[in-house]
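Some notes on the structure that comes next.
The values are calculated or read from the model by the stated rules, or taken from the named source; none is laboratory data. If you're wondering where the values come from, they're calculated on a predicted model, not measured in any experiment. Virtual Cβ from ideal backbone geometry, glycine too; neighbours counted across all protein chains shown. All accessible areas refer to the heavy atoms of the entire protein, side chains included, with ligands and DNA or RNA removed. Shrake-Rupley method; radii C 1.70, N 1.55, O 1.52, S 1.80 Å.
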Amino acid sequence: MSQSKVWRYTESSWIYRFIGYNINLLNQPENRRRWIIKVALTILDILQPFATIYEVEVGTLSDGEDAFVISGSDENYQEKLVRYLKNVDDVTEINFLLTLHCYEVEKDQKPQEILFQPGGALYLFIELDETRRLKSSSDQSVNDPLWLSLNLDTDIYAPLIEKTNRSKKTAQINSPILKGFLERLEKRLPLEKIHMSGPWYLKEYLEGL
């Protein structure tokens with residue numbers, strides 16, 4: 001990260017629930033494994049140019065939070081991840097730790113790429129009960145067993161503490177990259193957004209594009 005600038009570390013988050021699935025079908029281990037792999041591969045496919053994988057962590061009922069961990073620097077990490085997911089039927093979460101690909105504007109007004117690793121994460125949750133079945137609820141819209149959370153730790157919209165032309169230009173470059181990723185996420189996966197939080201200007205930047 002550039003030492004000449006100050007980037008804010010402010011948490012932003014988007015929380016989605018999955019919709020349109022058949023809970024009885026997904027309670028069959030083979031069907032759920034295929035569903036999890038499909039979601040994981042979709043996430044990996046739509047990340048760029050917004051982010052790349054820093055690390056993937058898989059949690060299971062039987063082996064805990066770090067049942068399987070692999071670095072995004074491993075050339076075959078996707079194959080190894082899929083191979084692992086094909087052989088377990090009690091996955092409870094997959095954490096995709098992200099290297100954010102952002103830009104900052106220099107004094108000459110030229111954008112320069114800057115990486116934050118990790119600067120955020122996508123969390124896929126599959127909530128299972130002790131019998132390895134999806135947890136059910138009378139109100140699925142509130143307590144859904146399948147949900148996804150995007151969390152960003154770095155403020156990529158207005159990175160400089162003081163409001164300057166450079167910070168404005170930087171936000172104008174980074175905001176469309178983030179918005180494009182959110183649009184791909186909501187188009188490629190059957191999701192319903194149930195919560196969003198972040199600094200006050202986040203909504204202004206994204207909706208003003």
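Between residue 153 and residue 86, how many nm apart are label points set 7 Å from Cα along the C-beta direction?
Going from the residue 153 label point to the residue 86 one covers 3.3 nm.
Between residue 73 and residue 133, what is the spin-label point distance in nm, taking each point 7 Å from the Cα along the Cα→C-beta axis?
Going from the residue 73 label point to the residue 133 one covers 4.5 nm.
Under 13 Å from the Cα of residue 193, which aspartates and glutamates turn up, not counting those fewer than eight places away in the same chain?
In chain and number order, the partners are 144, 183.
Mind putting a number on the dipole of segment 1-139 about its Cα centre? Charges go on the C-beta only, +1 for Lys and Arg and -1 for Asp and Glu, and I need it in Debye to the nearest 20. It would help to have the intermediate numbers written out before the result.
Working: 15 positive and 22 negative charges, 82 e Å.
The dipole magnitude comes to about 400 debye.
Quick check: pseudo-label points 7 Å beyond the Cα along Cα→Cβ at residue 48 and residue 65, how many nm apart are they?
3.1 nm
If packing is taken as the average count of other Cβ atoms within 10 Å, what order do 86-92, 98-104, 19-25 fall into, highest mean first?
Numbers: 86-92: 16.3, 98-104: 21.6, 19-25: 11.4.
Highest-to-lowest ranking by the protection proxy: 98-104, 86-92, 19-25.
Between helix 29-46 and the chain, what is the angle of the helix's C-alpha long axis to the longest principal axis, kept within 0 to 90° and rounded to the nearest 10?
10 degrees
Taking every pair of Cα atoms in the chain, average 1/r, invert it to obtain the Kirkwood radius, and report Rg/Rh to two decimals. Before the final figure, lay out each step's value.
Numbers: Rg = 18.5 Å, Rh = 18.3 Å.
With Rg and the Kirkwood Rh in hand, the quotient comes to 1.01.
Give me the percent of DSSP beta bridges within the chain that run antiparallel, rounded to the nearest 5.
Working: 46 of 46 bridges.
Percentage antiparallel, nearest 5: 100.
State the extension gain, in nm to one decimal, for the chain segment bounded by residue 165 and residue 10, taking 0.36 nm per residue of separation less the distance between their alpha-carbons. Intermediate results must be reported in sequence, preceding the final value.
Details: separation 155, 0.36 × 155 = 55.80 nm, distance 2.06 nm.
Full extension from residue 165 to residue 10 adds 53.7 nm.
Using a 1.4 Å probe on the protein heavy atoms only, what accessible surface does residue 169 show? Give it in Å² to the nearest 10.
Rounded to the nearest 10, that gives 80 Å².
Output the pairs from 38/80; 107/169; 107/163; 86/135; 80/179 with a Cα-Cα distance over 18 Å in this structure; if there are none, say none.
Details: 38/80 15 Å; 107/169 11 Å; 107/163 15 Å; 86/135 21 Å; 80/179 30 Å.
Distance filter (> 18 Å) returns 86/135; 80/179.
What 222 nm value per residue comes from the helices of the chain, counting each DSSP H run with n ≥ 4 as -39,500 (n - 2.57) and dividing by all residues, nearest 500 deg cm²/dmol? Walk me through the intermediate numbers first.
On the way: 5 runs with 61 residues, N = 209.
The helix-only estimate for the chain comes to -9000 deg cm²/dmol at 222 nm.
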